[in-house]
Structures are given as C-alpha cells and as structure tokens.
Amino acid sequence: LFMKMALEVITPLQVVWLRVLFGSLPILGFAILKKSMSWSDFKKAHHFFAMALIANVATYYFFVKGTQFLTSGVAGVISGTIPLMTELLVVLTLPTEKMTRRKTVGLALGLIGVVFVSHFESSLSATRGNELIGAGFILLGSFCIALGIVYVNKYITPLKMSALHLAAYQTLFASFLLIIVTPTQGIEAIWGHPQALL
C-alpha cells in the first residue's frame, strides 16, 4: 500500500533506493554497536555484492514495478508465491532436498490458492489491462527472494556468518549500488509524503 502511494510522487527505482537506504541505517548502526564489522570482511565482498543485487536491488525493484501495474491487494496476494518459489528452487538446486508427494501436493495447492485469490481480487479492480505485466514483475521478485535463500544456503552458510553480519553488508552494498543507478531528479517530492518511506 505504501509503495503504491510512493509511486504517485517518485519513480520505482527511487522508491527502492529510499527503502533500502533507510532500512540499512538501523542495521548498520546495530552492527557497528555490536562490533561485528571489520575491514577483513571485504574478502567476502563478492558474496555481499551478489546478495545485495539479488535479494535487495532486484527483488525490491520487481515488487515496486509490479505494484505500479496492480492494486496493492493483488500484488500482496501474488507475493504469497515466495515460499512456493523457494521450495521449488531448493528442490531443483540443492541435492539434499527431494521432491516428495506431500511437497508436490502442497506446492500445487499453494499455487491454485494464489491464482484463485488473485483472480478474485483482480476481478474487483476497475483496470485489468496491465495485470499480466504486474503479475510477471511480482513473480520475478518472488523468484529473486527464493534465489537469495538458495545462494545463502549454498555459499554463505558454510562461512558461519551471522544474520546481522550478512544483513549489514548486504544492505550497505545495495545502498551504494542504488546510489550509482538512481536518478535524483524529483526525489525531493517525497518529503511532502513521508508515509511513502515506509
């Protein structure tokens, strides 16, 4: 809902940058307070960069872009595919995970539920022209979250890195990436709509 409100005054990329920037500040502050960051951590910079790109920049951009074409209710329902996408990707990429009959039934029921509820929600909407485009963006965002979880399991978990450690560097790298690519023109309009920062 708040992303939808923000899109009335600034661009999707600006929404993403502001969300990541203001989200990173308390995380970084807490990480510094806990003294869980050091210069030697930058040996793992490629992992921080990958996670920032997948789990922050791409994910939030696709969600914001999808919200631009959908009502907030439909966007929220379609984002319910995150755990379904995650399970499917985990089964396909991690050899330790197997697709059982129970998982197959669960995935099928979950997808049917999302399709049913989102179709019901969209039928209440006055505009339907760009719904497929919006749904595609939301699904891409869900896929990116699932990809981030798989990446963590495969590459980050063996490093014995704490959640705070990863979150601090991940959001820091994402903020810098977004500063580079986000145009600042018109972003001052957000100060008249502070609720859009949420």
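The values are calculated or read from the model by the stated rules, or taken from the named source; none is laboratory data. None of these values were measured; they are calculated from a predicted model. Virtual Cβ from ideal backbone geometry, glycine too; neighbours counted across all protein chains shown. These accessible areas exclude ligands, DNA and RNA; they are computed on the full protein's heavy atoms, side chains included. Shrake-Rupley method; radii C 1.70, N 1.55, O 1.52, S 1.80 Å.
Brief remarks on what is shown
- Among the listed pairs Lys35/Lys154; Lys98/Lys160; Lys44/Lys154; Lys34/Lys160; Lys65/Lys154, those beyond 21 Å (Cα-Cα): Lys35/Lys154; Lys98/Lys160; Lys65/Lys154
- Relative to the Cα centre, the charge distribution of segment 1-102, modelled as +1 at Lys and Arg Cβ and -1 at Asp and Glu Cβ, gives a dipole magnitude of about 260 debye.
- For the chain, the solvent-accessible area with a 1.4 angstrom probe is 56 square angstrom per residue.
- Convex hull volume of the Cα atoms of the chain, normalised per residue: 130 Å³.
- For the chain, the membrane-span-like helix rule (DSSP H, alpha carbon extent of at least 18 Å along the helix axis, mean Kyte-Doolittle at least 0.0) picks out 12-33, 101-123, 131-151, 163-181; this says nothing about an actual membrane.
- Projecting the Cα atoms of Leu13, Pro183, Ser38 onto the dipole axis of the chain, where Lys and Arg carry +1 and Asp and Glu carry -1 at the beta carbon, places Ser38 farthest toward the positive end.
- Carbon + sulfur, % of accessible area of the chain - ligands and nucleic acids excluded, 1.4 Å: 71
- Dividing the mean sequence gap of close Cα pairs (under 8 Å, 6+ apart) by how many residues segment 1-134 holds gives a relative contact order of 31 percent.
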